[in-house]
1. Considering 225, 245, which residue is exposed (fewer than 13 other Cβ atoms within 10 Å of the Cβ), at pLDDT below 95 and assigned to a helix (DSSP H, G or I)?
2. Do we have any residue at all in region 114-125 that's surrounded by 18 or more Cβ atoms within 10 Å (Cβ to Cβ), in the same structural domain as residue 84 (by TED's automatic domain parsing), within 15 Å of the chain's Cα centre (by Cα) and not in a helix (DSSP H, G or I)?
3. Specify the residue that is nearest to residue 148 (Cα to Cα); the eligible residues are those in region 95-113 that are within 13 Å of the chain's Cα centre (by Cα) and assigned to a helix (DSSP H, G or I).
4. Of everything in region 177-194, what is of a type outside the set (Asp, Glu), part of a loop (DSSP other than H, G, I, E, B) and buried (at least 16 other Cβ atoms within 10 Å of the Cβ)? Give them in sequence order.
Amino acid sequence: MAALEVEILTLFPRMCTGYLGESILGKAQEAGLVAVRVTDIREHAAGRHRVADDAPYGGGAGMVMKPEPLTEAIEAAVGRLPGARVLLTSPRGRRLDQALARELAGAGRLVIACGRYEGVDERVRAVVDEEVSVGDVVLTGGELAALCIVDAAARLVPGVLGNEQSAGQESFSGEGGLLEHPHYTRPPAYRGMEVPAVLLSGDHRRIERWRRREALRVTRERRPDLFARLRLSEEDLRLLGAGEDES
């Protein structure tokens, strides 16, 4: 049995299957570490045309996803994945971050319902455990959000990443939730821009100090909200000092 089992419920399955079959997620599924099923919500819609949306009561623009198909799709998915945590993608939900990704990876089983149109009938939320948002932005549908959730959680399943240290060294994952330091690869010089000499030195202690300093610097410049929550050590303060030159 896979360490992480997921079922995505969507009106547009092909929007998900292509991404899920490639790169790390595709390999994780081939290895049996992660299992992802994509189900068309219209399988649970009644009538010849399998209609899954309707006009909102009270008037207004757009359409609303009907309660019956989505509720029944969720219940059927939970039947296949007993004990699964049921998520609904929604701008009203908890924002996806690395802490939530760790929670979801540890849950073992997830059912993710993709919202569409103007939203879903409020009564669907009776069978939903939690709503999740990928940020303060409105998307055409929840498929991209669902893929973000699966990708973020799957990377934390042991064995999914080729280098087991990778997940712990990425942005938001390390101690204090710093953004990640800059990366460089060959060639050593490109269009007048050179790789910092410290990275070519072979001195691992200096390299680690440089990476820590750059992570602190980038976080301070780009996410001052995260930086303000850090507990800086004396070494961190020294690294950030004007006299420190490890480049």
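1. 225 is the lone residue from the list that is exposed (fewer than 13 other Cβ atoms within 10 Å of the Cβ), at pLDDT below 95 and assigned to a helix (DSSP H, G or I).
2. yes
3. 101
4. 178, 179, 181
The values are calculated or read from the model by the stated rules, or taken from the named source; none is laboratory data. Since the model is a prediction, treat every value here as computed from it, not as a measurement. No Cβ is skipped: glycine too gets one built from the backbone with ideal geometry, and neighbour counts run over all protein chains shown.
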